[in-house]
Amino acid sequence: MTTVVPRMMGTASATRFRRPSGRVVGWVAEHTLLAVLLVLFVAPIVFVLLTSLMTVNQTLTASIWPNPFTAQNYLDAFAKVPLARWFANSALYAVLATLFMLASSIPAAYALARLRFRGANLIFLAVVVAMLLPPQITAVPIYVMWAKLGFTGTLLPLILPNLLGDAFSIFLLRQFFLTIPREYSDAARMDGASEWGVLTRVILPMARPGIAAAGLFMFFNSWNDYYGPLLYTSENEQWWPVSYGLATFRGSHSTNWGLTMAITVLVMVPVVLIFFFAQRVFVEGITLSGVKG
Amino acid sequence: MTTIASRTGRAGTLTGPVRPGLRRSQRRRLLTALVMLTPALLGLGLFFGYPLVASVFYSFTRYNLLSEPEWIGLRNYQYLFTQDPKVWTAAANTLWFVVILVPIRLLTSLGVAALLVRARQASGFWRTAFYLPALVPPVASVVAFVFLFNPGTGPVNAILHALGIRGPLWFSDPNLAKPSLVLLGIWVMGDVMIIFLAALLDVPRDQYEAAELDGANAFQRGRYVTFPNIIPVLIFAGVTGVIAALQYFTEAAVASAVASGKASVGDAAGAVAGYPDDSLLTYTQWIYVRGFSNFQLGYASALAVLLFVVAAVFLALLLRRVKAFTPEEAQS
């Protein structure tokens, strides 16, 4: 991407030199359109924030601006709703799922990217198909399996499978590993390194952005998951994560939009914070999963 | 450790016989590959291969988890195609999202990406601003949208009212519930937009310059330079979009639960699913209701098998057309 941008700018200035007035009009038109779109895209967040700062009485009216501003909804979010436990459950789910996924999927992705053996193509195809097919197709037998083990009603059926690899993560990591020049691993092998040595001492340090992206995707997907917790924890409030709690709690406090919006904001905050700290890694990851290769 | 070793031995047969002439280091490398792949292979078998086959088996049975599955032949399928009162409503709703939501999302994200390619000042700011909504946890964005569009106190209808327009019922109107979710789908288009943006930035600049020298106008440059260059990405986004729409669940389920004002726990999920008037009852929700609210696991499996058949068609298309999904490059 970095190599493309300077060349683009060169073209732009050359064109601008030729037709100055048309360029300026175009620039203004494009940026006006962008600014209007921006307002439309930001407005939902602004309204959610404003409503979360309203008093209960005010949320019952159609007013848009809080008068007075109050933080009461945020205090209530923790006092009236088991929000702390939901957060703890979500964190447990997302952190363990991510760690387990990395431990199991990194070696698998490395083997698929770098080791030549018969059957590798078939395994890769299975990974891709498993990644793309709707999870509802296999939901019943998997549910039966966990039910027979007595694990339904907990988050274990959502966490434990990651010990045995996650198809999307394997695919994504493999794509990253393929971008690392073969020469590095070949040189390490010449020096007598085993495949595990190549993986841990050559590939892992070089693939750090890719591993970070795969980890972030896994963390976000677990944090955002609604279908999984609905399937396995809906009967057992003790294990509800935030995403499920937020959707379900609304039902029992149907008129209190201020409180609901405060919880909505609190659910968004961790994900947005993580994104701002790891933005570059994240955008690279999305791009690689869809375009490159 | 012992279990891993024994599994490896078994998995070894998968790759065919090891030739006797194979050098020792190569054989050791093969063994390493298998050890590295063992957890993933077990996972693929246990959480993908087995349940896929088991779904087909269960689809021929009556099964409620309490007693053993009872073989009833094709009766689930017979019921599905001739008697199920809601399956075609649910299929039609899912089809609606495939046909309407997917193209609209593609076009808007492509449009925004095309604008962003041209915005050279503060490109990072614009990119982040339009991508950010895609990061909001889906449940949170649905709850937010149901609030924004709620007929009583929502800001959208408040603004419409100020303009002298009587706002509609949005998520509570059977005719508008799906279009309201399309608005949400546009708001969270950032994930697709980022892919298009990267593809547009990857179009070689000299091709534009050559086209311009040949006297091509803006439309012709788009038609003959941009379009052929981004077609693989368009296909990727289109087909993955269709596969995602086939499993459309969370947004519709949460919108129904929140807009109806009822909890979505346990049995209530079945009662609320599809609110208002089954207009948001998608096919995957119907699988959930039959399987996990009514515990008709055999019948839910028949529904799942039908979904598999449909999804497999699109999957085959994707595997043939998208280079990243074909394994050849691993051999380089």
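Observations on the model:
- Kirkwood Rh (inverse of mean 1/r, distinct Cα pairs), chain B, angstrom: 23.9
- For the range A:188-245, average projected area of the Cα convex hull in nm²: 5.6
- The helix-only estimate of mean residue ellipticity at 222 nm for chain A, built from DSSP H runs of length n ≥ 4 each weighted as -39500 (n - 2.57), is -23000 deg cm²/dmol after division by the residue total.
- Amide H contacts of B:ARG62: B:GLU70, B:TRP71, B:ILE72, each under 5 Å away and 5 or more positions distant or on a separate chain (H built 1.01 Å from N in the peptide plane; Pro and chain starts excluded).
- Along each principal axis, taking the top coordinate minus the bottom one, the Cα set of the range B:70-169 gives 65, 37, 22 Å in descending order.
- Remark: B:ILE195, A:ILE170 ranked as B:ILE195, A:ILE170, counting other beta-carbon atoms within 10 Å and listing the fewest first.
- Note on chain A: Kirkwood radius taken over Cα pairs, Stokes-Einstein applied at 10 °C and 1.306 mPa s, translational D equal to 69 µm² s⁻¹.
- Positive contributions from Lys and Arg (+1) and negative ones from Asp and Glu (-1), summed over other residues with Cβ under 14 Å from the Cβ of B:LEU135, come out at 0.
- Rg in Å to one decimal, and Dmax rounded to a whole Å, for the range A:27-103 via C-alpha atoms: 19.3, 52
- Computed over the Cα atoms of the protein assembly as shown, the ratio of the radius of gyration to the Kirkwood radius (Rg/Rh) comes to 0.98.
- Using alpha carbons only: equivalent-ellipsoid semi-axes of the range A:43-186, gyration tensor based, whole Å: 44, 22, 15
- Ranked for footprinting exposure by Cβ neighbours inside 10 Å, fewest first, A:THR154, A:THR98 give A:THR154, A:THR98.
- GNM flexibility winner over chain A from A:PRO107, A:PRO135, A:PRO161 (Cα, springs under 10 Å): A:PRO135
- Karplus-derived 3J(HN,Hα), 6.51/-1.76/1.60, for each residue of the range A:41-56, Hz, glycine and proline x: 6, 8, 3, x, 5, 4, 4, 4, 4, 4, 5, 5, 9, 8, 6, 4
- Descending Cα extents along the principal axes, the range B:101-220, whole Å: 58, 29, 26
- Average Cα contact separation per residue, chain B, under 8 Å, 6 or more apart, as relative contact order %: 25
- The Cβ shell under 10 Å around B:GLY298 holds other residues with a net charge of +2, Lys and Arg each +1, Asp and Glu each -1.
- Here the range B:90-168 and the range A:152-223 have alpha carbon centers that stand 34 Å from each other.
- Put simply, the C-alpha atoms of the range B:208-307 give a gyration tensor, and the ellipsoid matching it has half-axes of 46, 16, 8 Å, longest first.
- Only helices enter the 222 nm calculation for chain B: every DSSP H run of n ≥ 4 contributes -39,500 (n - 2.57), and dividing by all residues gives -20000 deg cm²/dmol, rounded to 500.
- Sorting A:HIS31, B:HIS161 from the fewest to the most surrounding beta carbons within 10 angstrom yields B:HIS161, A:HIS31.
Read the figures in this text as sums done on the coordinates, not as results from a lab. Bear in mind the structure is a predicted one, so any value in this text is a computation, not a measurement. Because the Cβ atoms are built from the backbone with ideal geometry, glycine has one as well, and the counts that use them run over all protein chains shown.
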